[in-house]
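Enquirer: Quick one: the structure is below, and I'll ask about it shortly.
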């Protein structure tokens, strides 16, 4: 990692952004807002201690995955020296998410030793460009299986919010982008600036990269790689569960082989494991949200409230409403 530096203008952190087509707006916004709030006193947003630029080859607006467009402010030929180049990924189905000009610029700067940051699925783009060879990288639990399918022989870290490996920094996206930005602000500008940024964004405190991702918790702990992949895919499709035959097909194995691996590793069937995951998710929503039982049923992959109530009572001996009441009565005020 580079040491903190101060430019002639007094800035200590200078960041360039490369936005993929259909990029994730929340990851970009969280990261850049930490820089903005750390750059000046109060909420005045002047780029005094930090500076940020959105780079482009043609200066056309870049569309995010939610439809909001961002106007770049710096042409590649006018790009200055940056402490970090941040690639904000988008929909992973896009084969050409970064233009050839942006990719060439990225590779050139990487060769020159500029540290690279991958936000959300930006890690896919960095890896496709050959810029993560020999590095550990972080991928959201939601895209873990997608990464494995695209990049054979590479196992990403999906149980941390971000990973720093020398001059490559990657994060799982969402709010973890704010924590990664705060890590850089603390390193280059100071802890008070990082704390201030997060506080204004109503984030209690900075989290270290080792903090677990807030994925869907489960009572199932698999050791078998095939079973792990199956459970992760079940999590990714929890609202619309796949039939076991479709799950096996997606994992390129036969149903009997999948069932045998589940039996040997977890002592249960894939169908029962899927039900367990959905009930775990329903319990978490009952504990932590005020959603109706009907809404929770749909979020956890049940046909309707009656289906959830029947399954809940059969497995746990109580109804969702009774479970929620008990949780409320035992939770300290």
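All of the numbers you see were taken from the coordinates with simple rules; none came from a lab. The structure presented is a predicted model; accordingly, all values stated were derived computationally and were not measured. Reconstructed Cβ throughout: ideal geometry from the backbone, glycine too, with neighbour counts over all protein chains shown.
Enquirer: May I ask you to compute the full-extension gain from residue 199 to residue 167, defined as 0.36 nm times their residue separation minus their alpha-carbon distance, rounded to one decimal in nm?
Expert: Numbers: separation 32, 0.36 × 32 = 11.52 nm, distance 2.75 nm.
Gain on stretching residue 199 to residue 167: 8.8 nm.
Enquirer: Further, regarding this structure: Hey, in the GNM for the chain with a 10 angstrom Cα cutoff, which one of 319, 121, 170 fluctuates hardest?
Expert: It is 319.
Enquirer: Okay, moving on. Would you list 120, 50 from fewest to most Cβ contacts within 10 Å?
Expert: Details: 120 30, 50 27.
By the 10 Å Cβ count, ascending, the order reads 50, 120.
Enquirer: In nanometres, what is the gap between the two model label sites at residue 58 and residue 21, each 7 Å from Cα along Cα-to-Cβ?
Expert: Distance between the two pseudo-spin positions: 0.9 nm.
Enquirer: Quote the FRET efficiency, to the nearest 0.05, computed for residue 66 versus residue 191 with a Förster distance R0 of 25 Å and r equal to the Cβ-Cβ distance. All intermediate terms of the calculation are to be shown ahead of the outcome.
Expert: Working: r = 33 Å, r/R0 = 1.31.
After rounding to 0.05, the efficiency reads 0.15.
Enquirer: Using 0.36 nm per residue of separation minus the Cα-Cα distance, give me the extension gain between residue 271 and residue 313 in nm, one decimal. If you can, show how the numbers build up before the last one.
Expert: Values: separation 42, 0.36 × 42 = 15.12 nm, distance 1.76 nm.
Stretched fully, the residue 271-residue 313 segment lengthens by 13.4 nm.
Enquirer: For 204, 224, 264, 146, what ranking results if the residue with the fewest other Cβ atoms within 10 Å of its Cβ goes first?
Expert: Details: 204 7, 224 14, 264 11, 146 17.
The fewest-first ordering by Cβ neighbours comes to 204, 264, 224, 146.
Enquirer: Normalised by the residues of the chain, what does the relative contact order come to in percent, with Cα pairs under 8 Å and at least six apart? Let's see the in-between values first.
Expert: Working: 580 pairs, mean separation 46.3, N = 333.
This gives 14 percent for the chain.
Enquirer: Given all pairs of different Cα atoms, what value in angstroms does the Kirkwood hydrodynamic radius of segment 274-328 take? Display every interim value, and only then the final one.
Expert: Working: mean 1/r = 0.0938 Å⁻¹.
One over the average 1/r among Cα pairs gives 10.7 Å for segment 274-328.
Enquirer: Okay, moving on. Tell me, in nm to one decimal, what length is gained between residue 327 and residue 112 on full extension, where the rule is 0.36 nm per residue of separation less the Cα-Cα distance? Mind dumping the intermediate values first?
Expert: Details: separation 215, 0.36 × 215 = 77.40 nm, distance 5.57 nm.
Extra length from residue 327 to residue 112 when fully extended: 71.8 nm.
Enquirer: Does anyone have the angle between helix 270-288 and the longest principal axis of the chain? Alpha-carbon axes, 0 to 90°, nearest 10?
Expert: Result, in degrees: 70.
Enquirer: For every helix of n ≥ 4 consecutive DSSP H residues, a contribution of -39,500 (n - 2.57) applies; sum these over the chain, divide by its total residues, and give [θ] at 222 nm rounded to the nearest 500 deg cm²/dmol.
Expert: Values: 13 runs with 143 residues, N = 333.
One gets -13000 deg cm²/dmol as the mean residue ellipticity at 222 nm.
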